[in-house]
1. If I ask for residues that are surrounded by fewer than 17 Cβ atoms within 10 Å (Cβ to Cβ) and not aromatic (Phe, Trp, Tyr), which ones from the stretch 18-54 would you list?
2. Of all the strands (runs of 3 or more DSSP E) wholly in the stretch 140-225, which have at least 1 residues that are surrounded by fewer than 16 Cβ atoms within 10 Å (Cβ to Cβ) and free of Cβ contacts under 8 Å to residues at least 40 places away in the same chain?
3. Looking at this structure, is Val44 under 24 Å from Glu177 (Cα atoms) and either of a type in the set (Ser, Thr, Tyr) or assigned to a strand (DSSP E or B) (or both)?
4. Which residues, taken from the stretch 1-23, are touching a Pro at 6+ places or on another chain (Cβ under 8 Å), within 23 Å of Asp141 (Cβ to Cβ), modelled with pLDDT of 95 or more and not in a strand (DSSP E or B)?
5. Check whether at least one residue in the stretch 229-245 is part of a loop (DSSP other than H, G, I, E, B) and within 22 Å of Val118 (Cα to Cα), and report yes or no.
6. Are any of the residues in the stretch 98-112 more than 21 Å from Leu258 (Cα to Cα), without any contact (Cβ under 8 Å) to a residue 12 or more places away in the chain and in a loop (DSSP other than H, G, I, E, B)?
7. Would you point out the residue of the stretch 83-97, among those that are assigned to a strand (DSSP E or B) and in contact with a Pro (Cβ under 8 Å, 6 or more places away or on another chain), that is nearest to Val44 (Cα to Cα)?
8. Which residue is farthest from Val67 (Cα to Cα), if the candidates are limited to the stretch 122-134 and must be touching a Lys or Arg at 6+ places or on another chain (Cβ under 7 Å) and exposed (fewer than 13 other Cβ atoms within 10 Å of the Cβ)?
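The values are calculated or read from the model by the stated rules, or taken from the named source; none is laboratory data. If you're wondering where the values come from, they're calculated on a predicted model, not measured in any experiment. Quick reminder, even Gly has a Cβ in these numbers, built from the backbone with ideal geometry, and neighbours come from all protein chains shown.
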Amino acid sequence: MSEAEAFYERETQDRFLPTPSTRGPWDADSQHAGPPAALLGLAVERRPGARPDLRVARLTYEIMRPVPIRPLTVAVRVLRSGRSTELVEAVLTPDGGADVMRVTALLLKTAPQSVPEVSPGPQVPGPASAPAKPFFPVPWDRGYHTAMEVRFAAGSFLEPGPAQAWMRMRVPLVAGEEITPLSRVLIAADSGNGVSAELDFHRYVFINTDLTVSMHRHPDGEWVCLDARTMVDGAGIGLAESALHDEKGPLGRSTQSLYVAPRG
C-alpha cells in the first residue's frame with residue numbers, strides 16, 4: 001500500500017503508524033494537529049461498549065506538545081456514564097515519549113424526531129463555486145497540505161484576515177477503513193487559525209495550544225467549511241474561531257487558543 005493512500009496505517013487495535021500525509025507545514029518531523037485530532041475522535045467513537053444512542057456533541061483537545069511522525073498509541077476510557085450523557089477521554093502517546101494530545105468528549109443521548117428541528121439552511125457559498133487557491137510555501141512535497149483539498153469561498157492562505165475555506169479529505173484517515181462524518185470535521189477544524197491568519201507567518205508564530213469543537217449535528221457529505229476569523233491581543237494571546245458548515249448549512253463551531261510571538 002502506498003503511504004499516500006491514508007493518514008495512518010493501523011498496526012494493532014490501539015497502535016497506528018503515521019504516513020507523510022500527516023506532516024504539518026512548520027516542522028518536517030511533526031504532524032499537523034488535524035489528523036491526530038481525528039484519530040482521537042475515532043477512538044472515542046469506537047470505544048468498547050459504545051452506545052448507539054449517544055452522539056458526540058463537544059470535544060476539547062489539549063495539545064501538550066508537537067505530535068511526532070512516529071508510531072502512536074491511543075488509550076481511551078469512560079470518565080462518567082449516565083442515562084443521557086457520557087464523558088470520554090482519549091490520549092495519544094508516541095513510542096518512547098510522553099503524552100502529546102488529549103481529548104475530553106461529551107456525548108449526548110439522541111432520540112430522532114423527538115423534538116422540532118431548528119437549523120438554518122446554507123449560509124456560505126458552496127464548494128462547487130469556490131476556487132482552489134495556492135497553499136503558503138511548504139518546503140516538502142507531501143503532507144497535510146497535499147492530503148487535503150481546499151477551496152476558498154472567501155479569503156485565501158496568502159492573504160490575511162477572515163476566510164471561508166471548504167475542505168475535503170483526499171485520503172482516508174486510516175488505511176482500508178471508511179471515513180466517519182466526525183473524522184471529516186475534526187481533521188479540518190484545526191485549520192481555522194491557518195486559513196484566517198491575521199499576521200505574516202514569516203514574522204510571527206501563532207500556535208494553537210488547544211481545540212474545542214461543538215456540533216449540533218454531524219456533517220452530510222465530504223466537504224466541511226470553516227468560516228474562520230482570528231483575533232490577537234498585543235500581549236501575545238490570540239483566539240481563532242470558526243463556524244462549521246456543510247452544504248446543508250451550519251453544523252457547529254470550533255475555537256483555538258493561540259500563543260502568538262515574533263519568530264526567532
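1. Of all residues in the stretch 18-54, those surrounded by fewer than 17 Cβ atoms within 10 Å (Cβ to Cβ) come to 26-29, 46, 48-53.
Answer for the stretch 18-54, where residues must be surrounded by fewer than 17 Cβ atoms within 10 Å (Cβ to Cβ) and not aromatic (Phe, Trp, Tyr): Asp27, Ala28, Asp29, Arg46, Pro48, Gly49, Ala50, Arg51, Pro52, Asp53.
2. Values: elements: 148-156, 159-169, 204-208, 210-215.
Result: 148-156, 159-169.
3. Values: under 24 Å from Glu177 (Cα atoms): yes; either of a type in the set (Ser, Thr, Tyr) or assigned to a strand (DSSP E or B) (or both): no.
Answer is no for this residue.
4. Result: Ala6, Phe7, Ser21, Thr22.
5. Of the stretch 229-245, the ones part of a loop (DSSP other than H, G, I, E, B) are 233-236.
Filter once more, so that each one left must be within 22 Å of Val118 (Cα to Cα): none.
No, every residue in the stretch 229-245 fails to be part of a loop (DSSP other than H, G, I, E, B) and within 22 Å of Val118 (Cα to Cα).
6. Checking the stretch 98-112: at least one residue is more than 21 Å from Leu258 (Cα to Cα), without any contact (Cβ under 8 Å) to a residue 12 or more places away in the chain and in a loop (DSSP other than H, G, I, E, B).
7. Restricting attention to the stretch 83-97, the residues satisfying the condition of being assigned to a strand (DSSP E or B) are 85-94.
The next check asks that each one be in contact with a Pro (Cβ under 8 Å, 6 or more places away or on another chain); those that pass are 92, 94.
Working: Leu92: 12, Pro94: 18 Å.
Of everything passing the filter in the stretch 83-97, Leu92 is nearest to Val44 (Cα to Cα).
8. Restricting to residues being touching a Lys or Arg at 6+ places or on another chain (Cβ under 7 Å) and exposed (fewer than 13 other Cβ atoms within 10 Å of the Cβ), the top hit is Pro131.
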